[in-house]
1. How many residues does the stretch 35-71 hold that are closer than 17 Å to residue 125 by Cβ, touching a residue at least 40 places away in the same chain (Cβ under 8 Å) and in contact with a helix residue (DSSP H, G or I) (Cβ under 9 Å, 6 or more places away or on another chain)?
2. Here's a check for you: in the stretch 124-142, which residue that is farther than 21 Å from residue 107 by Cβ and within 17 Å of the chain's Cα centre (by Cα) is surrounded by the most Cβ atoms within 10 Å (Cβ to Cβ)?
3. Looking at the stretch 1-95, what helices (runs of 4 or more DSSP H) fall wholly within it and have at least 3 residues that are over 20 Å from residue 182 (Cβ atoms)?
4. Applying the selection to the stretch 10-23, what residues are within 12 Å of residue 66 (Cβ to Cβ) and either touching a residue at least 60 places away in the same chain (Cβ under 8 Å) or within 11 Å of ligand 2 (Cβ to nearest atom) (or both)?
5. Tally the residues that are within 16 Å of ligand 1 (Cβ to nearest atom), buried (at least 24 other Cβ atoms within 10 Å of the Cβ) and outside any loop (DSSP other than H, G, I, E, B), restricting the search to the stretch 162-186.
6. Taking the stretch 187-207 as the region of interest, how many residues are without any contact (Cβ under 8 Å) to a residue 12 or more places away in the chain and either outside any helix (DSSP H, G or I) or closer than 15 Å to residue 30 by Cα (or both)?
7. May I ask you to list the residues in the stretch 143-161 that are out of contact with any helix residue (DSSP H, G or I) (no Cβ under 6 Å at 6 or more places or on another chain), crowded, with 17+ Cβ neighbours inside 10 Å and not in a loop (DSSP other than H, G, I, E, B)?
8. Quick check, is residue 73 farther than 30 Å from residue 26 by Cα and either within 13 Å of ligand 2 (Cβ to nearest atom) or at pLDDT 95 or above (or both)?
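The values are calculated or read from the model by the stated rules, or taken from the named source; none is laboratory data. Note that the coordinates shown come from a computational prediction; the quantities given were computed from them, not determined experimentally. With ideal geometry, Cβ positions are generated from the backbone for all residues, glycine too; neighbour counts draw on all protein chains shown.
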Ligand SMILES: [Zn+2]
Ligand SMILES: [Zn+2]
């Protein structure tokens, strides 16, 4: 079982067409992949519409759960709630927010604004988030990301410590932009162990929490 809720196609700054990304994910052993291209007011509708089309094509012909999403990226924090709602209304099944990674000048306040928004599913690479914000993630059911991406992964240890203390749920994602970034079972496990997860914490991060997120998406789709 291999899951990945944060990847990019060439609809933003990845190198693959969405359908090729999905095809390569199947070959790598994925059960589910979300494609979450960078989005703002400039491109939100076109990205979501395009991802819906290729995800639908993949699910029609292949045995994979392909989820059209967005990663709201470098937005003014006050705009995150509105854009997250717009993405969902357009048909995005998953909203990721590009968190305050240690390696990019993400506007301060992004983590807080994302974690207050119930339309947000995952706060990606939040940086050295404290226990207070991790507690907000736990209360609002927003997953915190352990990132396999170079640079972003520098704060994984701090994310794990805060999430553990606050009871927040973790996911391991690739943030893939190219074929070489696609996860394997072994790599996902090594990223989790390297971030400091204990043996007992591996199953929730690698399987339990992904299943909970998939169930949440499925129940939203049933409600329409
Ligand atoms: Zn990117
Ligand atoms: Zn990303």
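1. Result for the stretch 35-71: 4.
2. Going residue by residue through the stretch 124-142, those that are farther than 21 Å from residue 107 by Cβ are 131, 135, 138-139, 141.
Remaining after also requiring within 17 Å of the chain's Cα centre (by Cα): 138, 141.
On the way: 138: 18, 141: 14.
The qualifying residue surrounded by the most Cβ atoms within 10 Å (Cβ to Cβ) is 138.
3. Values: elements: 18-28, 44-61, 80-90.
Output list reads 44-61, 80-90.
4. 21
5. Counting residues in the stretch 162-186 that are within 16 Å of ligand 1 (Cβ to nearest atom), buried (at least 24 other Cβ atoms within 10 Å of the Cβ) and outside any loop (DSSP other than H, G, I, E, B) gives 2.
6. So in the stretch 187-207, the residues without any contact (Cβ under 8 Å) to a residue 12 or more places away in the chain come out as 190, 193, 198-200, 203.
So of that shortlist, the ones also either outside any helix (DSSP H, G or I) or closer than 15 Å to residue 30 by Cα (or both) come out as 198.
Here the count works out to 1.
7. Of the residues in the stretch 143-161, the ones out of contact with any helix residue (DSSP H, G or I) (no Cβ under 6 Å at 6 or more places or on another chain) are 143, 145, 149-161.
From what is left, the residues that are crowded, with 17+ Cβ neighbours inside 10 Å are 143, 145, 149, 152-153, 155-156, 158-161.
Matches in the stretch 143-161: 143, 145, 152, 153, 155, 156, 158, 159, 160, 161.
8. Numbers: farther than 30 Å from residue 26 by Cα: no; either within 13 Å of ligand 2 (Cβ to nearest atom) or at pLDDT 95 or above (or both): yes.
Considered against the rule, which asks whether it is farther than 30 Å from residue 26 by Cα and either within 13 Å of ligand 2 (Cβ to nearest atom) or at pLDDT 95 or above (or both), residue 73 comes out as no.
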